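Asker: The structure's right below; bear with me while I get my questions together.
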Amino acid sequence: MDEVRKVSNRMTATGAAGMFVGFFLAIRKGLPAVKTALTIGMNCAMIGTTCFGFERVSNVGLRRIMEQDYHEQLFMSHAIGGAMGGALLGGLFQRRFLPGIMVFTPAMIAVAFAEIKYEEARAARIKKFLEDKEKL
């Protein structure tokens, strides 16, 4: 159930980011703001669901069959998720798989890098908080 929660959180975040970008794009181009924001938001949510869904499935599979470094596993699962999600989305929308793979694989690897940096910063902040708490 934890995997489903992670996918739904990421889908919500990509959808919200898409709505935000769509709203400002509509304002800039003079398009209907609500319609454009909802359309782009739903497209981003669908893209997020596809890529992060494949990423979670590959992550579970990699954890079961391979014993490896957590960061390496995270990069690998994101790359697989980007490739599979990009192939599916490229095949559905452009009838060509390669452009989708070329766009979404690097994007998902960048997301993995951002997740690792976020986790490192969070761990450092918690460690600093605990050290400061011990000093009191």
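Asker: Quick one: if the Förster radius is 30 Å, what FRET efficiency do PHE129 and LYS6 give, using the C-beta to C-beta distance and rounding to 0.05?
Answerer: On the way: r = 25 Å, r/R0 = 0.82.
Efficiency for this residue pair is about 0.75.
Asker: Right, another one. Taking the mean number of other Cβ atoms within 10 Å as a proxy for protection, how do you rank 126-136, 42-52 from highest to lowest? Mind showing how you got there, number by number?
Answerer: Values: 126-136: 8.5, 42-52: 20.7.
Highest mean packing first, the order is 42-52, 126-136.
Asker: Can you give the helix-only mean residue ellipticity at 222 nm for the chain, where every DSSP H stretch with n ≥ 4 adds -39500 (n - 2.57) and the sum goes over all residues, rounded to the nearest 500 deg cm²/dmol?
Answerer: Details: 4 runs with 124 residues, N = 136.
My calculation for the chain gives -33000 deg cm²/dmol from helical runs alone.
Asker: Another one. Mind checking the angle between helix 33-65 and the chain's longest principal axis? C-alpha axes, 0 to 90 degrees, to the nearest 10.
Answerer: Tilt relative to the chain: about 50 degrees.
Asker: For helix 97-135, what angle does its Cα long axis make with the longest principal axis of the chain, in degrees from 0 to 90 and rounded to 10?
Answerer: The answer is roughly 30 degrees.
Asker: Could I ask something else about it? Carbon and sulfur: what percent of the stretch 50-136's accessible surface (1.4 Å probe)?
Answerer: Details: 3990 of 5990 Å².
Carbon with sulfur: 67 percent of the solvent-accessible area.
Asker: Using Cα atoms only, what is the angle between the long axis of helix 70-93 and the major principal axis of the chain, expressed in degrees (0 to 90) to the nearest 10?
Answerer: 10 degrees
Asker: Under 22 Å Cα to Cα from LYS6, which lysines show up? Leave out anything in the same chain fewer than 8 places away.
Answerer: LYS117
Asker: Just going by the charge dipole of the chain, with Lys and Arg at +1 and Asp and Glu at -1 on Cβ, which of GLN68, ILE116, MET19 is farthest out on the positive end?
Answerer: Comparing the listed Cα positions along the dipole, MET19 ranks first.
Asker: Just one of (1) 54; (2) 60; (3) 49 is percent of Cα pairs over 19 Å apart as worked out from the coordinates here. Which one is it?
Answerer: (2)
Asker: Could you tell me how far the Cα centroid of the stretch 103-121 sits from the Cα centroid of the stretch 45-102, in Å?
Answerer: 13 Å
Asker: Same structure again: Given a Förster distance of 25 angstrom, what is the FRET efficiency for THR39 paired with ALA107, based on the Cβ-Cβ distance and rounded to 0.05? If you can, show how the numbers build up before the last one.
Answerer: Numbers: r = 20 Å, r/R0 = 0.81.
That pair, THR39 with ALA107, gives E of 0.80.
Asker: If you don't mind, there's one more thing I want to ask. Might you report the magnitude of the Cβ-based charge dipole of the chain about its Cα centre, with Lys and Arg at +1 and Asp and Glu at -1, to the nearest 20 debye? The partial results should precede the final answer.
Answerer: Details: 18 positive and 12 negative charges, 118 e Å.
The dipole of the chain has a size of about 560 debye.
The values are calculated or read from the model by the stated rules, or taken from the named source; none is laboratory data. These numbers come from a predicted model, not from an experiment. Glycine gets a Cβ as well: all are built from the backbone with ideal geometry, and neighbour counts include every protein chain shown. Side chains are part of the model used for accessible areas, which takes the heavy atoms of the whole protein and leaves out ligands, DNA and RNA. Shrake-Rupley method; radii C 1.70, N 1.55, O 1.52, S 1.80 Å.
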